[in-house]
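The values are calculated or read from the model by the stated rules, or taken from the named source; none is laboratory data. Please read all numbers here as calculations on a predicted model, not as lab measurements. When we count neighbours, we look across all protein chains shown, and the Cβ atoms used for this are built from the backbone with ideal geometry, even at glycine. Only protein heavy atoms, including side chains, enter the accessible area calculation; ligands, DNA and RNA are left aside. Shrake-Rupley method; radii C 1.70, N 1.55, O 1.52, S 1.80 Å.
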Amino acid sequence: MLHTVVLSWQEALSSESAPFKIVSLSAGSLSKAVLCHSKDERPRNGGKREKNEMYLALLVIFLQCSGLYTQEGVFTFNTVEIKVQPSVKVKNGAPMSIVCRADISKSTDFQLKHNFTIFKDGKVVFMTVTDKEDAKYGIPVARSSDTGEYKCTVEARGKTKSSNSLHVWVKGMTKPILTAEKEEVLEGEVVKLRCELPEEVPPLYFFFRKIKTNSTPKEKSVFEPHRNFSEMEFSVEEADNILQFDCFGRRFVQREFEESEHSNTTLVTVREPFIKPTLNAKPSSNITEGDRIQFECSTVVARMRDIEILLQKNKTILKSVQDEVLKYSTVATLEDSGEYLCKVEQGRASKMTKLNVVVSELFPKPTLAASMSNLDENKELTLSCSISGFRKANFSILRKNSNGDILLKNSRNLTMRVNVNDTGSYTCKAEVKGIVKESKPVRINVYAPVSKPTLSVVSGLPEVVLGKPLWLICRSAMGTPPIIFTFYKGNEVKKRVTNDTYAMFLDENIRQNDKRGYKCDARNNHSSGMKTSNILNITVIVPIRDASLGSIPYGEVEDGSETAFLCSVKEGSWPIHFRLFRKTDREVLLFEQIENADRVMWHKKAMKKQDTGTYFCMASNRANVDVKSHPITISVILATWKKGVIAAFALILIVGAVTLALYWFLRKKKKAKGPSLEMSGSALATNLTSEKLTRQPNDGDYYSGSGYIEDNENHVKSADESKAPVQKGTETVYSEIRKANNDSVENRHSRIQGHPDAT
């Protein structure tokens with residue numbers, strides 16, 4: 001802060017008698033002293049005095065202004081440092097101090113107040129104001145919660161400076177405190193524990209341990225993100241007497257876990273709600289089947305509430321009671337041998353006792369014997385039941401059934417005549433002293449002979465398209481399964497299939513001229529042997545190939561004339577379905593016919609102008625593939641006689657026009673010569689006309705009809721050329737038409753008008 005130094009002589013100058021005054025101007029911390037001329041003062045002496053006073057004033061102003069900006073009270077922060085005492089790693093429970101120091105430069109030695117603020121993880125933990133250049137934040141007992149990032153800030157007279165961050169790690173954790181809800185519990189109850197880490201900050205991990213003598217401690221863990229304590233329950237099991245519990249904590253610091261020491265040990269005493277049960281078997285645990293055995297299970301309980309005793313073998317509960325004693329009796333069988341368990345339950349507590357029982361066999365299982373296991377229907381079957389080394393028993397023979405066994409006879413032996421419905425499993429039972437034992441089942445198969453099989457095509461008709469697979473099915477309407485089916489092509493065996501009533505065969509090697517027939521045979525275990533089907537012959541359908549269309553005339557056809565169309569195929573099985581179409585802006589069906597031939601002919605009697613267009617034919621057979629021919633174009637032109645009529649009419653018009661012109665010319669000439677020459681001119685004209693008429697048969701220079709004849713001949717020639725044969729493949733449409741005409745004459749008694757052969 002800058003201050004103005006005022007001299008004693010300045011005070012004199014600032015008095016009322018002085019010609020100058022010092023005016024003090026303040027702006028913030030800066031004050032300036034300026035000498036100014038007093039406006040209300042005027043010079044009282046002469047000019048010399050005024051001049052001396054002016055020099056004196058100038059000198060004072062110069063001396064005053066030179067000392068106006070004396071730098072007093074200026075400072076700046078150089079650095080601010082933060083340190084930890086004794087070190088950045090402090091043991092839990094030891095004292096710790098955070099020291100913040102400011103390094104400051106000053107213009108002079110003056111007193112300065114400092115505001116020190118210390119932050120931990122961005123939160124203020126300490127503040128002080130002092131004129132010293134350092135401040136200390138003391139922590140008498142450091143805890144793990146004091147671990148974090150520390151930083152300090154110093155502020156003085158509006159200037160602020162902060163230190164770098166410093167990480168402080170308080171190693172170790174406080175010892176946890178463990179408490180138990182009860183110090184004495186019953187078996188089956190639970191022990192509720194609480195573990196607390198005082199002065200620790202979550203998140204924390206808690207670990208609880210249940211410690212038993214001569215056994216590994218059972219440990220459970222809990223993660224607590226928001227509190228510094230946790231609770232846990234441990235169930236009290238059978239044989240738990242005196243239990244010890246403790247706990248410890250963990251936390252995650254600097255990418256590693258830090259663990260506390262173990263807590264105090266808490267003791268819990270366990271009392272039995274009931275004693276271990278006793279299990280006995282009477283008369284003994286070793287008995288013979290058929291004898292009665294009785295089980296008795298008992299215990300002594302502290303209180304009867306919710307007590308239950310159960311007797312079970314394997315996982316089957318035989319009996320249960322809500323009492324201190326359980327009794328159960330039964331007639332012993334071999335299946336009753338094994339381990340029995342008596343279990344007492346009350347709440348969560350349970351205790352058990354085991355007893356092993358051995359039941360000796362009274363007699364072995366019976367054996368069922370059959371005279372034969374596979375036999376034809378209407379044959380005789382004998383079943384016999386016996387016990388090895390034991391004859392005194394009640395026997396019965398039964399047939400197994402899903403709805404219950406069917407008793408056939410209470411006897412050791414059974415003889416019967418069988419049919420197909422007697423196929424099945426048979427057993428026998430033997431009873432001694434109330435003990436019933438059953439033999440292993442015996443399978444009896446009764447066979448009916450197979451009927452003659454039938455062989456057919458799966459699709460229905462006995463035909464197949466060349467190149468397509470053929471599926472055959474062989475059926476036998478009667479016969480006991482399983483049936484063995486054998487397929488033959490000619491005399492060659494193709495496949496054997498075992499099934500119940502039918503079998504299928506696929507032949508993918510079909511040839512056009514394959515003449516071999518198919519057959520199949522069927523047989524089962526009946527003694528009659530196999531049966532063979534009739535031979536099945538298959539028709540191989542050859543698909544249509546290369547359809548073609550021709551016509552006479554070809555290309556241009558005269559209006560009103562007849563046109564013959566011939567549609568033929570190169571290959572394909574009969575009958576063939578032929579169709580003829582004309583295509584202009586749409587396709588129009590003109591003709592269709594089914595023929596047992598590879599071609600068909602259609603006559604269009606009178607062609608018209610609207611018949612102009614593109615023609616094609618399509619052919620198909622039972623292969624269901626439509627084959628389309630290449631199109632041909634037919635143009636219907638004007639008929640020759642119509643051309644002659646038009647030409648004659650045009651010639652008449654020309655002759656008439658010439659005659660009128662000649663007449664007009666002669667008449668004009670006659671008028672020009674006058675009446676004197678009229679007669680002579682008339683006579684001359686008459687002679688000339690007579691002469692020309694006389695020469696007409698021998699002179700064609702004038703008559704234009706010769707041109708008409710020439711055109712007519714050319715037209716006839718063109719028409720004849722249009723009827724010429726069109727080459728197609730190795731034969732001509734002409735020969736096809738002629739052949740088709742000959743066939744048509746023989747088969748349908750018709751012919752083509754205007755055909756070249758007729759010409």
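The table below gives the values:
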quantity	calculated
The range 301-318 - residue that is assigned to a strand (DSSP E or B) and of a type in the set (A, V, I, L, M) and, of those, surrounded by the fewest Cβ atoms within 10 Å (Cβ to Cβ)	ILE317
Candidates ASN264, ASN228, ASN241 - the one that is free of Cβ contacts under 8 Å to residues at least 40 places away in the same chain and open to solvent by less than 90 Å² (accessible area, probe 1.4 Å)	ASN228
Elements of type strands (runs of 3 or more DSSP E) in the range 117-211, at least 3 residues being open to solvent by less than 30 Å² (accessible area, probe 1.4 Å) and either within 18 Å of VAL90 (Cβ to Cβ) or among the hydroxyl-bearing types (Ser, Thr, Tyr) (or both)	148-156, 166-171
Condition check for CYS385: surrounded by 15 or more Cβ atoms within 10 Å (Cβ to Cβ) and within 30 Å of SER284 (Cα to Cα)	no
Qualifying residue in the range 480-502 (condition: outside the structural domain of VAL420 (by the TED database), of a type in the set (Asp, Glu), outside any strand (DSSP E or B) and open to solvent by 40 Å² or more (accessible area, probe 1.4 Å))	yes
The listed residue being modelled with pLDDT of 85 or more, under 25 Å from GLU238 (Cα atoms) and either open to solvent by 60 Å² or more (accessible area, probe 1.4 Å) or touching a strand residue (DSSP E or B) at 6+ places or on another chain (Cβ under 9 Å) (or both), out of VAL321, VAL331, VAL358	VAL321
Filtered residue count, the range 76-103, keeping only those that are modelled with pLDDT under 90, in a strand (DSSP E or B) and aliphatic (A, V, I, L, M)	1
Residue tally, condition of a type in the set (A, V, I, L, M), farther than 19 Å from LYS570 by Cβ and part of a strand (DSSP E or B), over the range 600-635	1
Single residue of the range 506-524 satisfying the filter (of a type in the set (A, V, I, L, M, F, W, C) and under 19 Å from LEU466 (Cβ atoms)) that is surrounded by the most Cβ atoms within 10 Å (Cβ to Cβ)	ILE510
Index of the failed condition, GLU345 passing every other in (1) within 30 Å of GLU289 (Cβ to Cβ); (2) in the same structural domain as GLU296 (by the TED database); (3) open to solvent by 50 Å² or more (accessible area, probe 1.4 Å)	(1)
Among (1) touching a Phe, Trp or Tyr at 6+ places or on another chain (Cβ under 6 Å); (2) free of Cβ contacts under 8 Å to residues at least 40 places away in the same chain; (3) farther than 19 Å from ALA102 by Cβ - the single one ILE118 does not satisfy	(3)
Among residues of the range 388-405, those that are open to solvent by 70 Å² or more (accessible area, probe 1.4 Å) and under 15 Å from VAL442 (Cβ atoms), counted	1
Residue selected from the range 241-278 under the condition out of contact with any Pro (no Cβ under 9 Å at 6 or more places or on another chain) and among the hydroxyl-bearing types (Ser, Thr, Tyr), by the criterion modelled with the lowest pLDDT	THR269
Looking only at the range 598-614, and only at residues there that are β-branched (Val, Ile, Thr) and open to solvent by 40 Å² or more (accessible area, probe 1.4 Å), the one that is farthest from VAL542 (Cα to Cα)	THR612
Filtered residue count, the range 91-111, keeping only those that are surrounded by 14 or more Cβ atoms within 10 Å (Cβ to Cβ), touching a Gly at 6+ places or on another chain (Cβ under 9 Å) and not small (Gly, Ala, Ser)	3
Only one of SER476, SER439, SER451 that is under 51 Å from the mean Cα position of the chain (by Cα) and either open to solvent by less than 60 Å² (accessible area, probe 1.4 Å) or not assigned by the TED database to the domain that holds GLY290 (or both)	SER476
Some residue of the range 240-256 being in contact with a strand residue (DSSP E or B) (Cβ under 6 Å, 6 or more places away or on another chain) and closer than 30 Å to LEU311 by Cβ	yes
Residue count for the range 361-377, restricted to those that are assigned to a loop (DSSP other than H, G, I, E, B), open to solvent by less than 20 Å² (accessible area, probe 1.4 Å) and hydrophobic (A, V, I, L, M, F, W, C)	1
The range 574-599, residues that are assigned to a strand (DSSP E or B), over 16 Å from VAL557 (Cβ atoms) and in contact with a helix residue (DSSP H, G or I) (Cβ under 8 Å, 6 or more places away or on another chain)	ARG599
Qualifying residue in the range 320-337 (condition: assigned to a strand (DSSP E or B) and of a type in the set (Asp, Glu))	no
Residue in the range 411-433 that is in the same structural domain as CYS385 (by the TED database), free of Cβ contacts under 8 Å to residues at least 12 places away in the same chain and within 30 Å of ARG292 (Cα to Cα) present	no
Residues of the range 267-300 satisfying the condition of being of a type outside the set (Lys, Arg), over 30 Å from GLN244 (Cβ atoms) and open to solvent by 80 Å² or more (accessible area, probe 1.4 Å)	ASN280, PRO283, ASN286
Cross-chain or 6+ apart pairs with Cβ under 8 Å, the range 597-609 first and farther than 29 Å from ILE544 by Cβ, then assigned to a loop (DSSP other than H, G, I, E, B)	ALA606/GLY560; ALA606/SER561; ALA606/GLU562; LYS608/ASP559; LYS608/GLY560; LYS609/ASP559
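Condition check ((1) out of contact with any Ser or Thr (no Cβ under 6 Å at 6 or more places or on another chain); (2) more than 30 Å from LYS608 (Cβ to Cβ); (3) surrounded by fewer than 16 Cβ atoms within 10 Å (Cβ to Cβ); (4) not hydroxyl-bearing (Ser, Thr, Tyr)) across all residues:
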| position | (1), (2), (3), (4) |
| --- | --- |
| HIS526 | yes, yes, no, yes |
| GLY529 | yes, yes, yes, yes |
| VAL540 | yes, yes, no, yes |
| ALA547 | no, no, no, yes |
| VAL569 | yes, no, no, yes |
| ARG579 | yes, no, no, yes |
